[in-house]
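Since the structure comes first, as structure tokens, the remarks are kept for the end.
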Amino acid sequence: MVPLSAYVAVSAVLFITGLLGVLIRRNFIIVLMSVEIMLNAANINLVAFSYYLESMAGQLVALFIIAIAAGEAAIGLAIIIVVFRGKISTNVDEMNLLKW
Amino acid sequence: MVLVFFTYFALVSIVAGVMTVALKHPVHCGLALLALLLHVSGLFILLNAEFLWAVQVIVYAGAILVLYLFVLMLMNLKTDDRYLHSSYRYFLAPAALGSVYVLSLLLRSPFAGTKGDAPTVAVLQDGDTYAVGIKMFSEYLLQFEIVGVFLLGAVIGAIVLAKTPKPIVEKRGR
């Protein structure tokens, strides 16, 4: 029997990995991927608690998180396409204008 | 047996997550993210969440990741020489220290709470998909509709953002 704290530990490690990715990577697409890692870590946490506390609510919230991650990916990648069309690189340090 | 599978899925997902952050080429990062998503879905299987496993494979690995790879191929990115933040070393040490501290706290915590109304036996009787469906369309119906409207808005917003802009006509010259 795997203890609940093992799942929480895996989720914490993945979340910190994603957070580090957001902080240190400079490519906008990789930053979005790191956000996906963090959302997955939250999902592991929710599903693990839903199993060990015998409630369905965690799985439902995880489903909603997946839906919102899909929306976030679509909007983020559309923004990347627009920025790239303006001949600005996808380095997040060089994207400092709201309008050009 | 469950412990063996848990160890495998947990270790591979952590390694794939680190590779997603650390690899240089964006396409390699995307493939490492694919490995991460599939192994996280394996963790969902161990937790009796088969419906979430299917959603994870179809929506994450099938749709979101393909969207990422599509944009990567469309833009034909060159790998930057300087792909990390210039002062990333200042982030690494505090993050490692903080994660060790949080992990030591997490592994010692008991994590008890009030039990809900869906014990494992009752869920396994009709299947996880049945249980999720009953719950979603009774208690979480409003949230379900809100997510539907949100996704519609996201799709319309993505199309409006990404479509080719019309050339700006000079209005003074009419």
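A few notes on this one:
- When the stretch A:73-88 is filtered for residues that are surrounded by 17 or more Cβ atoms within 10 Å (Cβ to Cβ) and more than 7 Å from chain B (Cβ to nearest Cβ), the ones remaining, listed by number, are A:76, A:83.
- Residue that is modelled with the highest pLDDT [pool: residues in the stretch B:60-86 that are β-branched (Val, Ile, Thr) and surrounded by fewer than 18 Cβ atoms within 10 Å (Cβ to Cβ)]: B:66
- Candidates B:35, B:10 - the one that is assigned to a helix (DSSP H, G or I) and either surrounded by fewer than 14 Cβ atoms within 10 Å (Cβ to Cβ) or more than 9 Å from every other protein chain (Cβ to nearest Cβ) (or both): B:35
- Within the stretch B:88-115, the set of residues being assigned to a loop (DSSP other than H, G, I, E, B) and in contact with a helix residue (DSSP H, G or I) (Cβ under 7 Å, 6 or more places away or on another chain) comprises B:109, B:111.
- Within this structure, residue A:23 passes the test of being at the interface with another protein chain (Cβ under 7 Å from one of its Cβ atoms), farther than 20 Å from residue B:35 by Cβ and out of contact with any Pro (no Cβ under 8 Å at 6 or more places or on another chain).
This table checks each residue for (1) farther than 16 Å from residue B:65 by Cα; (2) in the same structural domain as residue B:125 (by TED's automatic domain parsing); (3) in contact (Cβ under 8 Å) with a residue 12 or more places away in the chain; (4) of a type in the set (Phe, Trp, Tyr).
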site: B:2; (1), (2), (3), (4): yes, no, yes, no
site: B:12; (1), (2), (3), (4): yes, no, yes, no
site: B:17; (1), (2), (3), (4): no, no, yes, no
site: B:22; (1), (2), (3), (4): yes, no, no, no
site: B:30; (1), (2), (3), (4): no, no, yes, no
site: B:35; (1), (2), (3), (4): no, no, yes, no
site: B:40; (1), (2), (3), (4): no, no, yes, no
site: B:48; (1), (2), (3), (4): yes, no, yes, no
site: B:53; (1), (2), (3), (4): no, no, yes, yes
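- Hits in the stretch A:60-85 (condition: more than 30 Å from residue A:47 (Cα to Cα) and touching a Leu at 6+ places or on another chain (Cβ under 9 Å)): A:78, A:79, A:80, A:81, A:82, A:84
The values are calculated or read from the model by the stated rules, or taken from the named source; none is laboratory data. What you see is a predicted model, and the numbers here were worked out from it, not measured in a lab. All Cβ positions, even for glycine, are placed from backbone atoms using ideal geometry, and neighbour counts span all protein chains on display.
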